[in-house]
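The values are calculated or read from the model by the stated rules, or taken from the named source; none is laboratory data. Bear in mind the structure is a predicted one, so any value in this text is a computation, not a measurement. Glycine gets a Cβ as well: all are built from the backbone with ideal geometry, and neighbour counts include every protein chain shown.
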Amino acid sequence: MSELFSVDAWEKVWHYRSTFFLGLGNTVKTAFFGVLLAFVLGILFGLMATSSKKGLRWISRIYVEVIQNTPVILQMCFLYYALAFSNHSVSIIVTGILSLGIYHGAYMAEVIRAGIESIPKGQFEAAQSQGFGYIGRMYYIILPQSIKIILPPMVNQIVNLTKNTSCLYIVGGADLISLTYSFVTGVNTGGAYAPAYLVSGLLFFVICFPLSMIAGKWENALKKRERTMVTQQQKGEVNAT
Amino acid sequence: MIKMENVNKYFGDLHVLKDVNLEVKEGEKLVIIGPSGSGKSTTVRCMNYLEEPTSGRVYIDGKEITSHNKTHINREAMSMVFQQFNLYPHMTVLKNLTLAPMKLHHKTKQEAEELAYHYLDVVGLRDKANVYPTTLSGGQQQRIAIARALCAQSKIILFDEPTSALDPETIQEVLDVMIRLAKENITMVVVTHEMGFARQVADRVVFMADGQIIEEGTPEHFFENPENERVKQFLGKIIRS
C-alpha cells in the first residue's frame, strides 16, 4: 500500500492519463452500443415471452435460459475465438458490444416480460375491444403503464453492463480495466497499483453513479405521481360519503 | 346485426358454451340473464372475439368474425363495457375518450375532444374531463367507460355485467345512463343481474343456464309467466332478495 502515498506513483498515473481516458472511451463506447443492442433484444424477446403464440414463447425462453445460465466470460471467449477461427475475426470492441448486448439482453427480456405481465388482463382486453392491434395496444396502453416497473431493474442492467465491460480483459480487451491492468503490469509503467486502480474505479463510479441517481429520481417521481392520484382518490371517497 | 351459429366454447375440459344459437337485430336491446357460471359473459365475449369459439361461427353485420379480422371489426362495428371498467389509469378521462378516435378513427384532436365532451355530457361528467380515472368512484368510472364506448360511434355496444362491481348506491346512476342510451338506435347486448333494468329496457330477454339458452322472450313473458322451471326458480330467488 505504500505507493498509495508515493508521489512518484501518482505522477506516473498522471503522466499516462491518456491510457485511462482511452480505456474509459472504449468502455463507454462498448457499453453504449451494448446497451442499445440489449435494449432491442430485450424488447423483442420480452414481447415474445408474453406472446399468445407458444413457439415464440419457447424461443424466448431458450434464449433467456441459455444466456442466463452460462458465464458471460465464456460467451465472450466463444464469440471471439469461434469467430476468429472461422475467419470472421471481429474487433475487440465489436466482440464486447455483441457479447454484452446478448448477455444483458436476456436479463432485459425478463425485466420487460415481468413489466408487461404486471398489467391487468382487462387493460389488454379494453384495448382489443376498441380495435387496437398488437402494436397499438403495447405502445399506447401497456408499455406506458409498465415503465415504472421496468425502469429500476433496467437501469440496474445498464450499470451492470457497463461494469461487465471489464470481462473483456479475458480476450485482451482495450476497455478501462484491461488497460489499467496493462498499465500496472507494464515494463515501463508498472508498479503504481493502488493509484491506478483507484483512478480506474473512480472513472467507473463517475459513469455508473449518475445513472443510478437519475433512475432513482425518476422512479420516485413516478411513485409520487401515483401517490397523488391515490390521495385524490381517497379525498374523493371522503367527499362521496 | 349479430348472429351466433352453433357456438361451442371449451376452457380446457370445461364445456362453457353448448351449441349456442342467437341472433340480435339492428337496434335491438337484448338482455342476457342467468345464474353465475352459465356462460353469459362468455357469450358476449365470443361476439367480439375476446374469446375465440372452439367451434361455430359468429357474424357481425353479415360478416364472419375471425381471429384475423377481429381487430378491424371491433374497431368499426363494436364497443364493449366491462365489469371492471378497464379505463386506462395512466391517462386522464379526456385522453381515455380521445385515444381511439384519434389513433384508430383518424379524427383530429379537436374533433375527438368535441366528441368526448359531447358524450361526457351524455353521462353527466363533463367536469371530470381532466382528472385521472382512479380518482373517481366506481359508478363514475363506469359512466366514463360508457362514454368511451360511445366515442367509437359504433352500432353495437356490448355490456358485460356493467353494474356487478359497483357499490349499491352507485348502480342506479349507471343504469340511468344505460336506460337513456336504450332510447337511441344502438344495438345493445347486456349481461346483467338487474331485473328492473331488463324489464324496463329489453326488447327481448335470454335466459342461460349451463352454457345453453334455456328460454327467450319478451320481458312481459319472462317476468309474468315463464315456462321453464329453472327460470321460475331463478327469478323467484332474485326477486325475493
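Inside the range A:47-136, counting only helices (runs of 4 or more DSSP H) that do not spill past its ends, which hold 3 or more residues that are away from every other protein chain (no Cβ under 14 Å) and touching a residue at least 40 places away in the same chain (Cβ under 8 Å)?
Correct list: A:54-68, A:72-85, A:92-117.
Pairs needed: first member in the range B:171-190, of a type in the set (Gly, Ala, Ser); second member anywhere, not in a helix (DSSP H, G or I); C-beta distance under 7 Å; at least 6 residues apart or different chains.
B:ALA182/B:LYS29; B:ALA182/B:MET188
Considering each residue of the range B:75-92, count those that are more than 7 Å from chain A (Cβ to nearest Cβ), within 18 Å of B:TYR117 (Cα to Cα) and of a type in the set (Phe, Trp, Tyr), and give that number.
0
Please list, ordered by residue number, the strands (runs of 3 or more DSSP E) wholly in the range B:1-70 having 3 or more residues that are in contact with a Gly (Cβ under 8 Å, 6 or more places away or on another chain).
B:2-11, B:14-24
Give the range A:58-91 a look and list any residue that's buried (at least 16 other Cβ atoms within 10 Å of the Cβ) and not hydrophobic (A, V, I, L, M, F, W, C), or say none.
Within the range A:58-91, A:SER60, A:TYR63, A:GLN75, A:TYR80 meet the criteria.
Could you tell me how many of the residues in the range B:7-19 are in contact with a Ser or Thr (Cβ under 6 Å, 6 or more places away or on another chain) and surrounded by 22 or more Cβ atoms within 10 Å (Cβ to Cβ)?
Of the residues in the range B:7-19, 2 are in contact with a Ser or Thr (Cβ under 6 Å, 6 or more places away or on another chain) and surrounded by 22 or more Cβ atoms within 10 Å (Cβ to Cβ).
Condition test on B:VAL44, is it modelled with pLDDT of 95 or more, over 24 Å from B:ASP127 (Cα atoms), out of contact with any Ser or Thr (no Cβ under 7 Å at 6 or more places or on another chain) and more than 14 Å from chain A (Cβ to nearest Cβ)?
no
Among the helices (runs of 4 or more DSSP H) confined wholly to the range B:81-175, which include 2 or more residues that are farther than 26 Å from B:THR71 by Cβ and under 16 Å from the mean Cα position of the chain (by Cα)?
Output list reads B:138-151.
Pull out all pairs, ordered by first then second residue, where Cβ-Cβ is under 6 Å, the residues are six or more apart or on different chains, the first lies in the range A:7-31 and is in contact (Cβ under 8 Å) with a residue 40 or more places away in the chain, and the second is hydroxyl-bearing (Ser, Thr, Tyr).
Close Cβ pairs (under 6 Å, with a partner that is hydroxyl-bearing (Ser, Thr, Tyr)) amount to A:TYR16/A:THR189; A:THR27/A:THR165; A:THR30/A:THR165; A:ALA31/A:THR162; A:ALA31/A:THR165.
I need the full set of residues from the range B:132-177 which are among the hydrophobic types (A, V, I, L, M, F, W, C), in contact with a helix residue (DSSP H, G or I) (Cβ under 7 Å, 6 or more places away or on another chain) and within 10 Å of another protein chain (Cβ to nearest Cβ), in order please.
Selection gives B:LEU136, B:CYS151, B:ALA152, B:LEU158.
What pairs can you find where one residue is in the range A:212-223 and in contact (Cβ under 8 Å) with a residue 60 or more places away in the chain, the other is in a helix (DSSP H, G or I) and surrounded by 11 or more Cβ atoms within 10 Å (Cβ to Cβ), and their Cβ atoms are less than 7 Å apart, with a gap of 6+ or different chains?
A:ALA215/A:LEU151; A:ALA215/A:PRO152; A:ALA215/A:VAL155; A:TRP218/A:LEU151; A:GLU219/A:LYS148; A:GLU219/A:LEU151; A:GLU219/A:PRO152; A:LEU222/A:LYS148
Please specify each residue of the range B:93-131 satisfying the condition of being touching a residue at least 12 places away in the same chain (Cβ under 8 Å), surrounded by fewer than 16 Cβ atoms within 10 Å (Cβ to Cβ) and within 13 Å of chain A (Cβ to nearest Cβ).
The one that is touching a residue at least 12 places away in the same chain (Cβ under 8 Å), surrounded by fewer than 16 Cβ atoms within 10 Å (Cβ to Cβ) and within 13 Å of chain A (Cβ to nearest Cβ): B:ASN130.
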